[in-house]
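Read through the structure below, which is laid out as structure tokens, and then see the notes.
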2 protein chains.
Amino acid sequence: LKTSKSKATKTAELRKEKVLTLLQNHGLTMYNDLDQGKFPQFSIPSRSVSNIVYDKKLRQYILGNASALRSSKNMSQLRSFTQLAWLAFFANKLIREGKTSTLRDIYYSSQAFAIDFEDQPESDNIIVDLEAILTSAREEFHIFPEERSSVFGDLTIEYTVPGYEGKRMNLSDHPDGYLIGPSLSSAELVDTSAELVIAIEKGGLFTRFVEEKVHKKFKAIIVDTAGQAPRSTRYFLRRLNGELGLPVVILADGDVYGEHIAMVIKSGSANAAHLRELTVPDAKWLGVWATDIEKYKLPTIPMTESDIKRIYELQKDPRYQEGNWKTQLEVFLKLKRKAELEAFSKYGLTNITDKYLPEKLELAKSL
Amino acid sequence: LKTSKSKATKTAELRKEKVLTLLQNHGLTMYNDLDQGKFPQFSIPSRSVSNIVYDKKLRQYILGNASALRSSKNMSQLRSFTQLAWLAFFANKLIREGKTSTLRDIYYSSQAFAIDFEDQPESDNIIVDLEAILTSAREEFHIFPEERSSVFGDLTIEYTVPGYEGKRMNLSDHPDGYLIGPSLSSAELVDTSAELVIAIEKGGLFTRFVEEKVHKKFKAIIVDTAGQAPRSTRYFLRRLNGELGLPVVILADGDVYGEHIAMVIKSGSANAAHLRELTVPDAKWLGVWATDIEKYKLPTIPMTESDIKRIYELQKDPRYQEGNWKTQLEVFLKLKRKAELEAFSKYGLTNITDKYLPEKLELAKSL
């Protein structure tokens, strides 16, 4: 008879209690205000552009000290105050009942309570407000993205979701990969023989890497980001890095979007400046660099107008002001051509795993 | 010591041998032609609109008897003849080496052999030619889509991919769901306690269904089609239906695209008229019907111009000429409004699983 709770279950309960306590405190403050004849209100860290600053030490965007009020006293704020109070109530309910939701679902669920959102962008915005107030990602209060990316490798996890508590799974058992959904996001990372995490942008290449046993040859956990990594995937990468001490390297298409996929995994986005748990500051962008295009004689595609426009935009971003990030943008702009990860197949299906990957991993040691 | 091969491995080998034999026969014919001083050629079932007909008995689109030649004798056909011969060679190589590829990857891989494709649409088209010649889906010769949908439920499978032969997995062990990639597509379906397959359009709802234990309450295997079901998913649904004898029901958004998602799972698409293994003729579309919008008082969104245009298009499709398929298109056109699966959350998160699903399953018995 198993009488004591496992470490995984305890950790999950602590994380859950933390968010519930935060929510409860806000609820208590509201009741106290009412008892004292005051209009209840929320103070929300301001997310206006002027309050988003790049923090060099944390190596990510953060919010400054400005904050905004949502007061029930102010007629123009009453609507958003009520929406926010409802969302806090609903988040509390989701966590306690062990249920999950999506952004879209929240928009409709509000209607069950006669809470009026004009459209989904309005409810999405209130969800970000609650994240900013709690400094907790929405996944912590059970609102998950629709998009799921996946993972494969020798990693034993222990579930903490209802009905699966204490059950373990090794993420090398299903060679098509494991979806990074609510259950995996909240699971305890128990044990691994891996020494490295490789995040890769495309499903086809992910499968190639599994087939070519990259997980064994390079002792790696492989993560398919399926394009721009969803937040739950960035959170998972951060956990692999922080909790297991595994270095994270990133492979994306050789274009401005690929470079930015790597940057967002590494240092987050301005949109999520109110959060701290979505970055991997020591992650390394392995490629495909603009300079790899000539070096590896890759077949290329001409850039579109919007590719070029995007380069000019990123050149204004403080994170692209120095080092390799800056250099590669300049070379992309000079070449005006881009190369996909699949381009290596010109030299054989396994060229990318046999030649490019080991060369880049060797190089990464000095990055 | 295990000396005899399992049934799963044998089935997989037979399937593999079948495709290899087909490829080999085409190769032999080509050599024989050369030996006899003849120009080798391929005869390809024509996929022109005039040769695509709806077969009422098979309940899907099929190709008529017209065929097209790709002869090495004809200068204008030499290019596509060579591309096709290369693809057959490359497919043979992929199967023998146990490797997989994607459409994009094939385009680049051709360059390793100095085979010239103008762009990916040209190589995609040659891949369909090979499918038509072999009457085999490209997955059979190891070309898989990038998109992956997922599955969850009490189903034990046995892998047949290299390195995993004979290993078994129960698809209820990972509550985020199992990706339907190359390994799952080629696995043997060993055992299930399920009596039903529910295909659902959206990841968020898939997770809701797992959380609400739909797999237990309704003895169901749940498949997330993630929008329009990728071909590998349609192929998997067909196998669940054909090999395990499980009825398949479909839930999609209440709009013209949702109705067509159900139709394509049931009877395929004109684009795949050259194939037989991508349909589930007895699959039932459970909803969301246009008539459900009023019946369940669902919150709606106005249709766009392109929604309405799409209805007019489908009204010309022979499959929408009668019964519920026809009726629902008409009601959509009358309402000019649509409702998403998430809309049920207006009546509580579990309204869709507690009320709508059982009512629709009951109704389905008489459909």
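The values are calculated or read from the model by the stated rules, or taken from the named source; none is laboratory data. Note that the structure is a prediction, hence the values are computed from the model and not measured. Please note: Cβ atoms are built from the backbone with ideal geometry, for glycine as well, and neighbour counts cover all protein chains shown. Heavy atoms of the whole protein, side chains included, go into the accessibility calculation; ligands, DNA and RNA do not. Shrake-Rupley method; radii C 1.70, N 1.55, O 1.52, S 1.80 Å.
Observations
- When A:Ile311 is tested against (1) more than 14 Å from chain B (Cβ to nearest Cβ); (2) in a loop (DSSP other than H, G, I, E, B), exactly one condition is not met: (2).
- A single entry from B:Thr100, B:Thr11, B:Thr29 fulfils the requirement of being more than 22 Å from the chain's Cα centre (by Cα) and among the β-branched types (Val, Ile, Thr): B:Thr29.
- Residue satisfying condition, being open to solvent by 20 Å² or more (accessible area, probe 1.4 Å) and in contact with a strand residue (DSSP E or B) (Cβ under 9 Å, 6 or more places away or on another chain), within set A:Trp285, A:Trp289: A:Trp289
- Members of segment B:19-55 found to be outside any loop (DSSP other than H, G, I, E, B) and in contact with an Asp or Glu (Cβ under 6 Å, 6 or more places away or on another chain), listed by number: B:Val19, B:Ile44
- If the condition is being free of Cβ contacts under 8 Å to residues at least 60 places away in the same chain and not charged (D, E, K, R), then segment B:284-301 contributes B:Trp285, B:Val288, B:Trp289, B:Ala290, B:Thr291, B:Ile293, B:Leu298, B:Pro299, B:Thr300, B:Ile301.
- Residues (over 19 Å from B:Ala226 (Cβ atoms) and hydroxyl-bearing (Ser, Thr, Tyr)) located in segment B:113-151: B:Ser123, B:Thr135, B:Ser136
- A:Leu196 within 24 Å of B:Ile352 (Cα to Cα), among the aliphatic types (A, V, I, L, M) and surrounded by fewer than 21 Cβ atoms within 10 Å (Cβ to Cβ): no
- Segment A:347-365: number of residues that are buried (at least 19 other Cβ atoms within 10 Å of the Cβ), within 13 Å of chain B (Cβ to nearest Cβ) and part of a helix (DSSP H, G or I): 3
- Counting only strands (runs of 3 or more DSSP E) that sit wholly inside segment B:90-208, not one has at least 1 residues that are free of Cβ contacts under 8 Å to residues at least 12 places away in the same chain, within 13 Å of chain A (Cβ to nearest Cβ) and within 16 Å of A:Gly177 (Cα to Cα).
- Taking the numbered list (1) free of Cβ contacts under 8 Å to residues at least 24 places away in the same chain; (2) more than 10 Å from every other protein chain (Cβ to nearest Cβ) in turn, A:Val223 passes all entries but (1).
- Some residue of segment B:326-338 being touching a helix residue (DSSP H, G or I) at 6+ places or on another chain (Cβ under 9 Å), open to solvent by 40 Å² or more (accessible area, probe 1.4 Å), within 14 Å of chain A (Cβ to nearest Cβ) and part of a helix (DSSP H, G or I): no
- All positions within segment A:29-52 that are aliphatic (A, V, I, L, M), within 24 Å of A:Leu275 (Cα to Cα) and either in contact with a Ser or Thr (Cβ under 7 Å, 6 or more places away or on another chain) or open to solvent by 70 Å² or more (accessible area, probe 1.4 Å) (or both): A:Ile44, A:Val49
- Residue that is surrounded by fewer than 23 Cβ atoms within 10 Å (Cβ to Cβ), within 8 Å of chain B (Cβ to nearest Cβ), of a type in the set (D, E, K, R) and closer than 27 Å to A:Gly348 by Cβ, where the choices are A:Lys217, A:Lys213: A:Lys213
- Selected residue (criterion: farthest from A:Asp317 (Cα to Cα)) from residues of segment A:239-279 that are in a helix (DSSP H, G or I) and of a type in the set (Gly, Ala, Ser): A:Gly242
- Positions within segment B:264-299 being touching a helix residue (DSSP H, G or I) at 6+ places or on another chain (Cβ under 6 Å) and within 24 Å of B:Lys355 (Cα to Cα), in sequence order: B:Ala283, B:Lys284, B:Trp285, B:Leu286, B:Gly287, B:Trp289, B:Ala290, B:Thr291, B:Leu298, B:Pro299
- Residue within segment A:62-81 that is part of a helix (DSSP H, G or I), of a type in the set (Val, Ile, Thr) and modelled with pLDDT under 95 present: no
- Where A:Asp282 falls short, out of the listed (1) part of a loop (DSSP other than H, G, I, E, B); (2) in contact with a Ser or Thr (Cβ under 9 Å, 6 or more places away or on another chain): (2)
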